[in-house]
1. Given the range 122-182, what strands (runs of 3 or more DSSP E) lie entirely inside it while holding 3 or more residues that are in the same structural domain as ARG96 (by TED's automatic domain parsing) and not hydroxyl-bearing (Ser, Thr, Tyr)?
2. Return yes when PHE416 is within 25 Å of SER51 (Cα to Cα) and among the aromatic types (Phe, Trp, Tyr) and no when it is not.
3. I want to confirm something. Restricting to the range 178-189 and keeping residues that are surrounded by fewer than 24 Cβ atoms within 10 Å (Cβ to Cβ) and not acidic (Asp, Glu), which single residue is nearest to THR38 (Cα to Cα)?
4. Considering the range 366-375 alone, what residues qualify as being surrounded by 15 or more Cβ atoms within 10 Å (Cβ to Cβ) and outside any strand (DSSP E or B)?
5. Could you pull out the residue among VAL276, VAL254, VAL268 that is touching a strand residue (DSSP E or B) at 6+ places or on another chain (Cβ under 9 Å), of a type in the set (Val, Ile, Thr) and buried (at least 23 other Cβ atoms within 10 Å of the Cβ)?
6. Please go through the range 11-20 and give me each residue that is in contact with a helix residue (DSSP H, G or I) (Cβ under 6 Å, 6 or more places away or on another chain) and either crowded, with 24+ Cβ neighbours inside 10 Å or of a type in the set (Ser, Thr, Tyr) (or both), ordered by number.
7. Just one of ARG41, ARG84 is among the charged types (D, E, K, R), in the same structural domain as LYS168 (by TED's automatic domain parsing) and within 30 Å of GLN422 (Cα to Cα); which is it?
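The values are calculated or read from the model by the stated rules, or taken from the named source; none is laboratory data. Quick caveat, the model's predicted, so the values are computed rather than measured. Because the Cβ atoms are built from the backbone with ideal geometry, glycine has one as well, and the counts that use them run over all protein chains shown.
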Amino acid sequence: MQQRISPAARIRGRIRLPGDKSISHRYAMLAALAEGPTRIRNYSTGADCASTLGALRSLGIAVECAGDVVIHGRGLGGLRAPARDLDCGNSGSTMRMLSGILAAQPFSTRLTGDESLSRRPMARIIAPLEAMGASIAAREGRFPPLEIRGAPLRPIDYTLPVPSAQVKSCVLFAGLFAEGETTVREPVRSRNHSEIALREFGARIHVADRVIRLQGRPRLRPLDLTVPADLSSAAFFLAAALLVPGSELAIEGVGLNPTRSALLDFLVSMGADLRVLNRRELHGEPAGDLLVKSSALSGGVLEGELAAQLIDEIPVLAVLGAVTENGLTVRGASELRVKETDRIATVCENLRRMGIAVEDRPDGLAVGGRQSFRAAALDSFGDHRIAMAFAVAALRAGAPCVIERAEAASVSFPAFYDTLQQVTQ
């Protein structure tokens with residue numbers, strides 16, 4: 001579908017966003033392995049998280065979605081062989097993390113996905129799972145569909161070759177089924193939602209100095225959970241308010257996990273007028289309300305651990321970089337090349353269409369500062385974060401913009417355009 005976005009005079013209001021996608025995936029998978037029903041409030045409304053629920057249903061787990069999501073867990077030994085392929089849709093999170101659970105099952109499973117997911121590499125999960133005892137076949141040895149022949153798993157001491165919360169979670173979820181201690185070592189700290197969720201559900205887990213140790217075969221307890229609002233979704237609205245002069249926006253109940261909230265620190269370091277109010281904790285996950293006002297920004301550099309922590313926010317930060325004083329430089333983010341699209345290429349393509357000077361680099365990009373957006377025909381290229389990032393950019397264009405394949409936003413945030421319109425004046 002096409003989405004028409006008109007320039008904004010200002011961004012104003014108070015909004016509450018859907019639940020964090022990363023946390024929703026993990027809660028659902030662990031709830032299926034718990035012994036009894038788990039209730040999840042504010043579960044993500046995105047299509048990716050619906051793919052996880054669909055896969056769990058196909059594995060014999062009863063899932064209710066009338067308001068809150070209720071998942072009737074059957075314990076570590078409760079999954080059943082699916083009657084058909086498990087369709088992960090566009091969700092790399094579903095495929096990668098669920099593979100860790102399926103690797104331990106006494107049956108075989110075939111995981112498929114849409115065209116975009118079928119191009120995403122899976123070798124990073126295949127290697128550790130095969131080392132634990134599973135057998136996995138993939139197209140060309142690395143691409144979906146995946147055919148997983150489960151087996152009794154042995155624990156592993158595994159060092160991640162690159163920072164990846166999904167691969168880390170895959171190995172930890174497999175480790176739940178192994179007798180003994182599974183260890184994962186991170187070169188750079190990545191999102192720790194899995195570690196927090198595992199502890200909340202009752203797993204025996206120890207984390208120190210980027211080393212995670214998990215004792216296998218726990219009895220996971222059912223919980224009553226609330227998912228904080230998605231900080232990655234909030235990033236687009238923070239950027240919109242910073243981008244459009246005269247703006248002031250409040251976002252309620254946002255997740256502030258330290259492995260994600262580097263976004264807020266980075267924005268403040270550039271000069272953003274951004275405050276966190278009403279801090280609290282939800283099941284081990286910190287949360288709070290955000291108040292942001294339009295600001296003059298200096299620009300900055302994203303590299304190393306910071307680039308890894310902000311990997312999903314880089315598209316919209318690149319948009320924001322064009323109006324800063326000194327621009328934005330991103331290094332060490334080659335992971336962007338293997339997301340739903342090659343996000344370095346798709347960000348640069350759309351920025352150039354809008355008249356923005358940008359340098360495309362193998363592991364990142366450089367956007368010059370003090371630039372102006374012009375109206376253009378834009379394209380999501382089927383990537384939800386590209387769709388939303390350039391809807392934000394269109395707010396500062398001189399005339400309305402049209403985004404092709406704008407429906408991609410529904411992967412993580414079906415109500416994105418309605419919510420954006422709600423706060424646009």
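1. 135-139, 143-149
2. Taking the combined requirement at face value, the residue satisfies it.
3. Per the criteria, the residue is ALA178.
4. GLY368, GLY369, GLN371, PHE373, ALA375
5. None of the other options fit; the residue is VAL254.
6. Within the range 11-20, ILE11, LEU17 meet the criteria.
7. ARG41
Conditions tested, residue by residue: (1) acidic (Asp, Glu); (2) surrounded by fewer than 18 Cβ atoms within 10 Å (Cβ to Cβ); (3) within 24 Å of the chain's Cα centre (by Cα).
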{"site": "GLY382", "(1), (2), (3)": "no, no, yes"}
{"site": "ALA391", "(1), (2), (3)": "no, no, yes"}
{"site": "ALA399", "(1), (2), (3)": "no, yes, no"}
{"site": "ARG405", "(1), (2), (3)": "no, yes, yes"}
{"site": "SER410", "(1), (2), (3)": "no, no, yes"}
{"site": "PHE416", "(1), (2), (3)": "no, no, yes"}
{"site": "THR419", "(1), (2), (3)": "no, no, yes"}
